[in-house]
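So the structure is just underneath, and the comments pick up after that.
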Amino acid sequence: GAGVSQSPSNKVTEKGKDVELRCDPISGHTALYWYRQSLGQGLEFLIYFQGNSAPDKSGLPSDRFSAERTGGSVSTLTIQRTQQEDSAVYLCASSLGNSNEQFFGPGTRLTVL
Amino acid sequence: DQQVKQNSPSLSVQEGRISILNCDYTNSMFDYFLWYKKYPAEGPTFLISISSIKDKNEDGRFTVFLNKSAKHLSLHIVPSQPGDSAVYFCAAKDTGRRALTFGSGTRLQVQP
């Protein structure tokens, strides 16, 4: 079946605006993760969902960041009052059950001007 | 503090030779390690993994070695092919958590 999909692929916004990033996991994958990759850095964990609940939100950098997942499928990451340091590629991954292997989407490149 | 470190930002090898990518970690609670490959404008693709109870895992041209006492793992690619040119990320999972901690990546270039 289809892999993890993310939209939009690119987003340019002005400082102070809110943005929403969407992730469609692989069908049947119960676990969903958000990461971000800043320029020249590795991937940084943001939040993990098991079903619709988020048992690990420890990576969210500030209260401007929030995420939700509905129907055990699609997830939305929302960044309020964006700042220039929020510029990064935001990656979503999903995994089946308790598998350690996470499958990544292509990412959303966010640029905050 | 970086819990997973890839100290070589880049590596260049000749086609047909061995590529060795290294990764060091500091957290003794890591119980599972993975390597991902990433092409530009794509998400990372899972390559190979190893549990902390093993010291070697092999899959075709790819072998991962784990030295727990040294907190070091390496990925060997033999023989290297031009299509292997990509950024390789080492990742680790902490016991009891699902999140992965990633290194900063090593860019591998395989010269034809």
Relative contact order, percent, of segment B:4-111 when contacts are C-alpha pairs under 8 Å separated by at least 6 residues?
38
Given axes a ≥ b ≥ c from the Cα gyration tensor, I'd like to know whether segment B:13-56 is rounded (a/c under 1.5), prolate (a/b larger than b/c) or oblate.
oblate
In what sequence, largest accessible area first, do B:Tyr39, B:Tyr32 appear using a 1.4 Å probe?
B:Tyr39, B:Tyr32
Over chain A, what is the relative contact order in whole percent, taking alpha-carbon pairs under 8 Å and six or more residues apart?
37
Rank these residues by their accessible area, most exposed first, probe 1.4 Å: B:His76, A:His29.
B:His76, A:His29
Descending Cα extents along the principal axes, the protein assembly as shown, whole Å
49, 38, 36
Under the definition of partner shielding as Cβ atoms of other protein chains within 10 Å of a residue Cβ, what is the mean value for peptide A:55-63?
1
GNM on chain A, Cα springs under 10 Å; top mean-square fluctuation among A:Glu68, A:Glu44, A:Glu101 goes to A:Glu101
Shielding by partners, peptide B:98-107 (average Cβ within 10 angstrom, other chains)
6
Per residue, how much accessible area does chain A have with a 1.4 Å probe, in Å²?
47
Compactness of chain B, expressed as Rg and Dmax over alpha-carbon positions, Å
13.4, 43
Pick out which of A:Ser62, A:Ser53, A:Ser73 has the largest mean-square fluctuation in a Gaussian network model of chain A, springs linking Cα atoms closer than 10 Å.
A:Ser62
Taking beta carbons within 10 Å but only from partner chains, what does the mean come to for residues A:44-52?
2
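Tell me the carbon and sulfur percent of the accessible area for chain A, rounded to whole percent, probe radius 1.4 Å.
On chain A, the fraction of accessible area on carbon and sulfur atoms equals 46 percent.
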Calculate the FRET efficiency for B:Gln14 and A:Thr70 from the Cβ-Cβ distance with a Förster distance of 45 Å, rounded to the nearest 0.05.
0.35
Distance between segment B:1-61 and segment A:11-72 - C-alpha centres, whole angstrom
24
Using only the alpha carbons of segment A:5-97, what is the convex hull's orientation-averaged projected area in square nanometres?
5.7
Could you tell me the total accessible area buried at the B-A interface, probe 1.4 Å, in square angstrom to the nearest hundred?
1600
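The values are calculated or read from the model by the stated rules, or taken from the named source; none is laboratory data. On a predicted model such as this, the values are computed, not experimentally measured, just so you know. A quick note on method: Cβ atoms are made from the backbone with ideal geometry, for glycine too, and the neighbour counts reach across all protein chains shown. These area figures cover heavy atoms from the full protein model, side chains too; ligands, DNA and RNA do not enter into them. Shrake-Rupley method; radii C 1.70, N 1.55, O 1.52, S 1.80 Å.
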